[in-house]
Amino acid sequence: MKYELGKPLLFVPDSEFDRPILVRVIGLRKHGSAKLSNGWLVDDMGLAEGTNRIPGGHVEEVEST
């Protein structure tokens, strides 16, 4: 996935209890990863690796109308 600063994305948590939220890219990292406005770091495939206690998630492109 190609990230740009300020780009809107939909963050979809792996947890069945959390809803998807609209986030923005606030920082670019090495190897194509990005820092999101919700604090998660996603890799170049759009995946946020979670921990044993906190499930990760993934990002999806926001559809423009």
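The values are calculated or read from the model by the stated rules, or taken from the named source; none is laboratory data. The structure presented is a predicted model; accordingly, all values stated were derived computationally and were not measured. In this analysis, Cβ positions are derived from the backbone assuming ideal geometry, glycine residues included, and neighbour counts consider all displayed protein chains.
Side notes on the structure shown:
- Of residues in the range 55-65 being of a type in the set (Val, Ile, Thr) and touching a residue at least 12 places away in the same chain (Cβ under 8 Å), the one surrounded by the most Cβ atoms within 10 Å (Cβ to Cβ): Val59
- Within the range 6-64, the residues that satisfy the criterion of being assigned to a loop (DSSP other than H, G, I, E, B) and among the small types (Gly, Ala, Ser) are Gly6, Ser15, Ser33, Ser37, Gly39, Gly46, Gly50, Gly56, Ser64.
- Scanning the range 1-12 for residues being surrounded by fewer than 17 Cβ atoms within 10 Å (Cβ to Cβ), out of contact with any Lys or Arg (no Cβ under 8 Å at 6 or more places or on another chain) and over 24 Å from Arg53 (Cβ atoms) gives a total of 3.
- Selection status of Ser15, surrounded by 15 or more Cβ atoms within 10 Å (Cβ to Cβ), over 11 Å from Val59 (Cα atoms) and out of contact with any helix residue (DSSP H, G or I) (no Cβ under 7 Å at 6 or more places or on another chain): no
- The range 18-48 - residue that is loosely packed, with under 13 Cβ neighbours inside 10 Å, closer than 21 Å to Glu63 by Cβ and out of contact with any Leu (no Cβ under 8 Å at 6 or more places or on another chain) and, of those, modelled with the lowest pLDDT: Asp18
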